[in-house]
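So the structure is just underneath, and the comments pick up after that.
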Amino acid sequence: GQNIDQPTEMTATEGAIVQINCTYQTSGFNGLFWYQQHAGEAPTFLSYNVLDGLEEKGRFSSFLSRSKGYSYLLLKELQMKDSASYLCAVRDQTQAGTALIFGKGTTLSVSS
Amino acid sequence: KAGVTQTPRYLIKTRGQQVTLSCSPISGHRSVSWYQQTPGQGLQFLFEYFSETQRNKGNFPGRFSGRQFSNSRSEMNVSTLELGDSALYLCASSLGESSNEQFFGPGTRLTVL
């Protein structure tokens, strides 16, 4: 079957670093995505990993280990505007096209 | 460059009715995917269209259907609405064949009474 797990909620303070973990089990694998979704808004693309290792993009970094079925999103120098839901998604290689399987999201609350 | 647009933004229907939602992808994008988002289940894939053909389908009943037109605009239809169909319906567009990034529209909030 297909399953993606991530924590439901996390809290952190401004300026801190937070790591959001994601584990996945899929019949095939063709890339892992992280999206950010603010309340009442559409998800926006943050990162994409298809090979093992760390991808860095400004304050955000994403890591992937395909052998462990594991990824994390690292957010540095947290700001209040980073309060949002973070969605981990996997593209299944056994399916054609660009369909994504999403986790239920991690709601991050950043306080001052 | 205009983003993905969805109409209508909000919709209220009653059980048993049907509804049609529309999505216009980013200019030049040929793939349109539809997702249902609910608090309990999160984002769930409905179907994907590429060049007017359904390329992929999620695990939803046959009451959910869609199509894509030659200009890449897509519609999804839900017949015989049920209370559980109340959700945010999101459309995402991408260039196509092996695009990594999907761009989401603002969604249509459907409430079934």
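The values are calculated or read from the model by the stated rules, or taken from the named source; none is laboratory data. Fair warning: this is a prediction, and the values are worked out from it, not measured in the lab. In this analysis, Cβ positions are derived from the backbone assuming ideal geometry, glycine residues included, and neighbour counts consider all displayed protein chains. SASA here: full protein model, heavy atoms, side chains in, ligands and nucleic acids out. Shrake-Rupley method; radii C 1.70, N 1.55, O 1.52, S 1.80 Å.
A few notes on this one:
- Exactly one residue out of A:Leu51, A:Leu74, A:Leu78, A:Leu87 is more than 12 Å from chain B (Cβ to nearest Cβ), touching a Gly at 6+ places or on another chain (Cβ under 7 Å) and in contact (Cβ under 8 Å) with a residue 12 or more places away in the chain, and it is A:Leu78.
- Any hit, segment B:87-98, residues being open to solvent by 10 Å² or more (accessible area, probe 1.4 Å) and under 12 Å from the mean Cα position of the chain (by Cα): yes
- Filter pass, B:Glu82 being within 14 Å of chain A (Cβ to nearest Cβ) and open to solvent by 40 Å² or more (accessible area, probe 1.4 Å): no
- Screening the candidates B:Ser33, B:Ser74, B:Ser24 for the property of being surrounded by 15 or more Cβ atoms within 10 Å (Cβ to Cβ), facing chain A (nearest Cβ under 9 Å) and within 11 Å of the chain's Cα centre (by Cα) yields one hit, B:Ser33.
- Within segment B:36-71, the set of residues being of a type in the set (Ser, Thr, Tyr), within 12 Å of chain A (Cβ to nearest Cβ) and closer than 22 Å to A:Ile101 by Cβ comprises B:Thr38, B:Tyr49, B:Thr53.
- Going through (1) surrounded by fewer than 20 Cβ atoms within 10 Å (Cβ to Cβ); (2) aliphatic (A, V, I, L, M); (3) under 29 Å from B:Arg109 (Cα atoms) one by one, A:Ile17 falls short only on (3).
- If you go through segment A:28-74 and keep only what is of a type in the set (Ser, Thr, Tyr) and in a strand (DSSP E or B), you end up with A:Tyr35, A:Thr44, A:Ser47, A:Tyr48, A:Ser61, A:Ser62, A:Ser65, A:Tyr70, A:Ser71, A:Tyr72.
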